[in-house]
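The values are calculated or read from the model by the stated rules, or taken from the named source; none is laboratory data. Not measured: the values here are computed from a predicted model. Every residue, glycine among them, receives a Cβ derived from its backbone with ideal geometry; neighbour counts consider all protein chains shown. Heavy atoms of the whole protein, side chains included, go into the accessibility calculation; ligands, DNA and RNA do not. Shrake-Rupley method; radii C 1.70, N 1.55, O 1.52, S 1.80 Å.
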Amino acid sequence: MRITVLAALAALLTGTPTADAVSAQSDSLARPESFAAIADPAARSAAMFVELGKVLTNPRCVNCHPAGDRPRQGEQGRLHQPPVERGADGHGLPAMHCSICHQQANFDPAGVPGHPEWHLAPREMAWEGKTLAEICAQIKDPKRNGGRSLEELVHHIGTDTLVGWAWAPGFGRKPAPGTQQEAGALAEAWVKTGAGCPN
């Protein structure tokens with residue numbers, strides 16, 4: 001009962017988008033082999049990252065990688081309502097953990113997204129307001145990517161279920177471009193070609 005009341009309150013505060021407001025279809029991502037005509041490996045790698053950047057700079061990702069201590073929401077990246085904060089571990093403040101409203105799965109009647117591990121990315125993984133070149137340098141740096149190797153980063157992008165939420169965001173939200181498998185394939189090809197960054 002408490003969860004239903006909180007979810008209904010969240011819907012009233014944020015407004016539940018209508019089906020007409022947001023398309024359920026995502027844009028596609030180019031496949032790694034479509035970059036084969038780029039002879040220079042560094043340029044080919046950077047071009048693949050630019051394609052992957054369509055996902056990384058999408059609101060589904062940036063909203064949870066904010067520059068500050070408040071998550072963003074919606075296609076416009078507006079500040080989260082109700083006004084929650086990151087907290088010490090990215091799961092919210094003690095009195096208002098993310099899991100109070102964000103349950104195991106999306107709750108479409110109230111427009112509340114969900115996942116068992118719902119939380120903000122760590123501060124050092126903030127992407128909001130950064131260029132694609134800055135994001136590229138950041139995600140290659142284990143001090144700023146959650147301690148991941150490049151191979152672990154490929155796994156994170158291509159198979160992590162919380163990341164995968166970006167392609168199944170629930171009613172009224174446009175998914176990230178392509179599919180998680182396509183993003184993972186691009187990330188893997190990017191790493192295999194030298195993990196080059198765009199200028």
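Key figures for this structure:
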{"item": "Top-ranked residue in the range 66-96 [being in a strand (DSSP E or B) and free of Cβ contacts under 8 Å to residues at least 40 places away in the same chain; ranked as farthest from A126 (Cα to Cα)]", "result": "M96"}
{"item": "Neighbours by Cβ (under 7 Å, 6+ apart or cross-chain): first from the range 37-55, under 14 Å from A133 (Cα atoms); second polar (S, T, N, Q)", "result": "S45/T193; M48/T193"}
{"item": "Within the range 30-56, considering residues that are of a type in the set (D, E, K, R) and not in a helix (DSSP H, G or I), the one most open to solvent (accessible area, probe 1.4 Å)", "result": "R31"}
{"item": "Cβ pairs under 9 Å, 6+ apart, first in the range 179-199 and in contact (Cβ under 8 Å) with a residue 12 or more places away in the chain and farther than 15 Å from I38 by Cβ, second outside any helix (DSSP H, G or I) and hydroxyl-bearing (S, T, Y)", "result": "T179/S26; T179/S28; E182/S28"}
{"item": "Residue check for G164: open to solvent by less than 30 Å² (accessible area, probe 1.4 Å), without any contact (Cβ under 8 Å) to a residue 24 or more places away in the chain and assigned to a helix (DSSP H, G or I)", "result": "yes"}
{"item": "Within the range 167-187, tally of residues that are on the phi < 0 side of the Ramachandran plot and not in a helix (DSSP H, G or I)", "result": "9"}
{"item": "So K174, is it among the charged types (D, E, K, R), surrounded by fewer than 19 Cβ atoms within 10 Å (Cβ to Cβ) and touching a residue at least 40 places away in the same chain (Cβ under 8 Å)", "result": "yes"}
{"item": "Cβ pairs under 7 Å, 6+ apart, first in the range 119-139 and touching a residue at least 12 places away in the same chain (Cβ under 8 Å), second β-branched (V, I, T) and outside any helix (DSSP H, G or I)", "result": "L132/T57"}
{"item": "Number of positions in the range 97-118 that are without any contact (Cβ under 8 Å) to a residue 40 or more places away in the chain and crowded, with 19+ Cβ neighbours inside 10 Å", "result": "2"}
{"item": "Some residue of the range 56-79 being more than 21 Å from E182 (Cβ to Cβ) and more than 18 Å from the chain's Cα centre (by Cα)", "result": "no"}
{"item": "Matching residues, the range 83-92, being surrounded by fewer than 16 Cβ atoms within 10 Å (Cβ to Cβ) and under 30 Å from A137 (Cα atoms)", "result": "E85, A88, D89"}
